[in-house]
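Everything below concerns the one structure shown next.
The values are calculated or read from the model by the stated rules, or taken from the named source; none is laboratory data. A quick note: this is a predicted structure, and the numbers were derived from the prediction, not measured. FYI the Cβ positions are ideal-geometry reconstructions off the backbone, even for glycines, and counts take in every protein chain you see. Accessible surface is based on the protein model in full, side chains and every heavy atom, while ligands, DNA and RNA are left aside. Shrake-Rupley method; radii C 1.70, N 1.55, O 1.52, S 1.80 Å.
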Amino acid sequence: MKQPKPIGALVPIDTGREVALPQSLASQAEDLARASLAPRTIQRYATCWRRFAAWCETHGRVALPASNETLIGYATWLFQGQDSGRLLANSTIAQAMAALQTVHRSKGYQIDWKTGDLRLVLQGIRRTIASKRSIRRVKALSDDDIRDMMEIMNREQVKDARDLALIA
């Protein structure tokens with residue numbers, strides 16, 4: 001399976017068969033590759049990576065390249081609630097795993113998510129969290145509730161007028 005090129009590998013290497021791309025094109029290609037993720041996503045991934053690296057340091061594990069055993073241990077630790085005892089959402093754990101994958105790819109390493117114990121553990125985490133989370137049931141708004149909401153809105157403000165139209 002061909003590994004994707006890390007972001008830093010976008011600058012072409014002259015192999016003698018082709019003329020290297022002009023530096024301006026190579027530089028713009030790197031900028032475009034960085035733009036593939038939103039700034040907020042990059043910040044969140046950096047936070048996830050720092051937590052993972054700290055966890056690896058605490059548990060005597062190698063962060064890069066991380067072994068499947070290390071990834072399984074970290075995913076299980078996240079599932080346990082990061083020592084806080086609260087059950088994390090599936091999306092929070094998935095985001096952490098996506099951050100680890102992005103960092104590994106950017107450094108030229110591949111994580112095999114599709115086979116083996118790592119896949120099974122992640123599936124088990126998703127199913128267990130889904131079965132433990134309760135669906136929050138709320139009472140539907142009555143006609144009187146909607147009328148009360150509409151009465152307190154200021155029809156002169158654009159935002160309130162829009163909201164009124166949506167509610168009506």
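Here A99 fulfils each of the conditions (1) under 14 Å from R51 (Cα atoms); (2) open to solvent by 10 Å² or more (accessible area, probe 1.4 Å); (3) under 17 Å from the mean Cα position of the chain (by Cα) apart from (2). Checked against (1) under 24 Å from the mean Cα position of the chain (by Cα); (2) assigned to a loop (DSSP other than H, G, I, E, B); (3) of a type in the set (S, T, N, Q); (4) more than 20 Å from F52 (Cβ to Cβ), N154 passes all but a single condition, namely (1). The condition of being in contact (Cβ under 8 Å) with a residue 40 or more places away in the chain and more than 26 Å from E57 (Cβ to Cβ) holds for only one of I72, I129, I152, that being I129.
Here's the yes/no breakdown for (1) at pLDDT below 90; (2) small (G, A, S):
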{"site": "T47", "(1), (2)": "no, no"}
{"site": "A66", "(1), (2)": "no, yes"}
{"site": "D83", "(1), (2)": "yes, no"}
{"site": "S91", "(1), (2)": "no, yes"}
{"site": "M97", "(1), (2)": "no, no"}
{"site": "V103", "(1), (2)": "no, no"}
